[in-house]
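Contents: one structure, followed by commentary.
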Amino acid sequence: MALWKETGLHDQKVMPSEPSEKIERVEAAPIPAPTPVNPAPPRRESTQMDRQESVLGLGVTIEGKMEGNGDVRIAGKFKGEIQIKGNLNIQKGAHLTAKINAEAITIEGELEGTVVASGQVTLAESGQVIGDLKAKTLAVAAGSRMRGNVEFGWNDSETARLSSVRSHEFGKNA
């Protein structure tokens, strides 16, 4: 039943003073807001301490000294010295002639020189090293190649003790 009556343009609108039926007020349930769509998180190359990564791309040749706190990825050619407080990744196809000191080193390319890592050195299947290598740990894949001296798994006190034993034995044999 309608509460009011609509009439023509010239007629008056008449509203009853009291409705004849009791009207109940019903609250509509709130419409849930659409769930926001989260965009994909940005790609992160380095998850360790949010360090920045520098990349020397394929076709880039650099000669000199590299120092820093970030991670470095080399795909081109480098000749010189690398001292970083981060991770070094020598990609497949890269050629380095260098003295390297870094936290962790992954070798997939070719390296001639000395390597010192405070963490792990990973020698991948395509990796080749000519020179000496010293690391806390060493992972060597089948098919990789190396020519040189290797030290891994020794802490500083054990290295010092071993050096003194060697020099003592060398003195006896002389």
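The values are calculated or read from the model by the stated rules, or taken from the named source; none is laboratory data. Keep in mind it's a predicted model, so treat the numbers as computed, not measured. With ideal geometry, Cβ positions are generated from the backbone for all residues, glycine too; neighbour counts draw on all protein chains shown. Ligands, DNA and RNA are excluded from the accessible area calculation, which covers all protein heavy atoms including side chains. Shrake-Rupley method; radii C 1.70, N 1.55, O 1.52, S 1.80 Å.
Do you know which residues across region 108-117 are buried (at least 16 other Cβ atoms within 10 Å of the Cβ) and assigned to a strand (DSSP E or B)? So that I can check it myself, show each step before the final result.
Let us first name the residues in region 108-117 that are buried (at least 16 other Cβ atoms within 10 Å of the Cβ), namely 108-111, 113-117.
Within region 108-117, GLU110, LEU111, GLY113, THR114, VAL115, VAL116, ALA117 meet the criteria.
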Index of the failed condition, LYS92 passing every other in (1) open to solvent by 70 Å² or more (accessible area, probe 1.4 Å); (2) part of a strand (DSSP E or B); (3) of a type outside the set (A, V, I, L, M, F, W, C): (2)
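Kindly provide the set of residues from region 66-88 that are within 17 Å of GLU103 (Cα to Cα), assigned to a strand (DSSP E or B) and not β-branched (Val, Ile, Thr), ordered by number.
Here is the first cut: in region 66-88, the ones within 17 Å of GLU103 (Cα to Cα) are 66-74, 81-88.
Add one more test, that the residue is assigned to a strand (DSSP E or B), and what stays is 66-68, 71-74, 81-84, 87-88.
Matches in region 66-88: MET66, GLU67, GLY68, ASP71, ARG73, GLU81, GLN83, ASN87, LEU88.
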When only residues in region 135-145 that are modelled with pLDDT of 95 or more and open to solvent by 70 Å² or more (accessible area, probe 1.4 Å) count, which is farthest from VAL115 (Cα to Cα)? ALA142
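Per-residue answers, yes or no, for (1) without any contact (Cβ under 8 Å) to a residue 60 or more places away in the chain; (2) farther than 21 Å from GLY143 by Cα; (3) open to solvent by 60 Å² or more (accessible area, probe 1.4 Å):
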| residue | (1), (2), (3) |
| --- | --- |
| SER54 | yes, yes, yes |
| GLY68 | yes, yes, no |
| ILE105 | yes, no, no |
| GLY119 | yes, yes, no |
